[in-house]
Amino acid sequence: MNILTLGHEGLRHKAQDVTRIDAQTARLVKEMLETMHLGKGIGLAATQVGILERIFVVQIADDIPRVFINPVLKGASPETSVYEEGCLSIPGIYADVKRPEMISIDALDEKGKPFHLDADGLLARVIQHELDHLNGVLFIDHLSELKRKRIIRTWEQKFKA
Ligand code: NI
């Protein structure tokens, strides 16, 4: 699958709830996981491959691949942490982002089965990053305007080179 990169309008669109989970959904999820692994990423949202459905996949080291369909954030800790994030849609760019340290989330798996997950550390961070994607939000949106503009300028220079 082709991953949209910074500047593509599709990354700014909001995804819609999935209304039917079927064989097509299973195929999409499989392709998303393959695309994520190929890009050596730890998370990928459907909006990044031009599909406006509320689906994302994550897999951090030593963990199983996790599929989230129609995810709903149920809670976030007041404690925050700062960690350097990157994104398959903005390759080569990394920046420190502050986010809640722990979250709890409800979603459906690829078979349509509901589950609840409490996550912390890197898993909590990736989940929040991917949830943002479903709302058309990128990690650079969490930075100061100055930093964001600098990153976009660096990106454009790289892109043109
Ligand atoms: Ni991303």
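Against the condition within 13 Å of the ligand (Cβ to nearest atom), in a loop (DSSP other than H, G, I, E, B), surrounded by 15 or more Cβ atoms within 10 Å (Cβ to Cβ) and modelled with pLDDT of 95 or more, how does Leu44 come out, does it pass?
no
As a summary of the residue check, Pro100 satisfies the conditions (1) closer than 30 Å to Lys158 by Cβ; (2) out of contact with any helix residue (DSSP H, G or I) (no Cβ under 6 Å at 6 or more places or on another chain) except for the one numbered (1). Against the list (1) of a type in the set (A, V, I, L, M); (2) away from the ligand (no atom under 16 Å from the Cβ); (3) loosely packed, with under 13 Cβ neighbours inside 10 Å, the condition Leu38 fails is (2).
Consider region 77-134 and keep the residues that are hydroxyl-bearing (Ser, Thr, Tyr) and touching a residue at least 24 places away in the same chain (Cβ under 8 Å). The one that is nearest to the ligand (Cβ to nearest atom) is Ser89. Phe115 falls short on exactly one of the conditions (1) under 17 Å from the mean Cα position of the chain (by Cα); (2) at pLDDT 95 or above, and that condition is (1).
If I filter region 40-53 for residues that are out of contact with any Leu (no Cβ under 8 Å at 6 or more places or on another chain) and under 22 Å from Ser144 (Cα atoms), do I get at least one hit? Scanning region 40-53, I find no residue that is out of contact with any Leu (no Cβ under 8 Å at 6 or more places or on another chain) and under 22 Å from Ser144 (Cα atoms), so the answer is no. When each of Phe56, Phe68 is tested for being among the aromatic types (Phe, Trp, Tyr), in contact with a helix residue (DSSP H, G or I) (Cβ under 9 Å, 6 or more places away or on another chain) and either over 29 Å from Arg153 (Cβ atoms) or not in a strand (DSSP E or B) (or both), the lone residue that passes is Phe68.
Here Leu28 meets each of (1) surrounded by 16 or more Cβ atoms within 10 Å (Cβ to Cβ); (2) in contact (Cβ under 8 Å) with a residue 40 or more places away in the chain with one exception, condition (2). Looking only at region 54-70, filter to residues that are closer than 16 Å to Arg125 by Cβ and more than 15 Å from the ligand (Cβ to nearest atom); which one of those is surrounded by the most Cβ atoms within 10 Å (Cβ to Cβ)? Out of the qualifying residues, it is Arg66. Do we have Val126 as under 23 Å from Asp62 (Cβ atoms) and within 13 Å of the chain's Cα centre (by Cα) here? When the stated conditions are applied, Val126 passes them.
The values are calculated or read from the model by the stated rules, or taken from the named source; none is laboratory data. These numbers come from a predicted model, not from an experiment. Ideal geometry is used to build each Cβ from the backbone, glycine not excepted, and the neighbour counts take in all protein chains shown.
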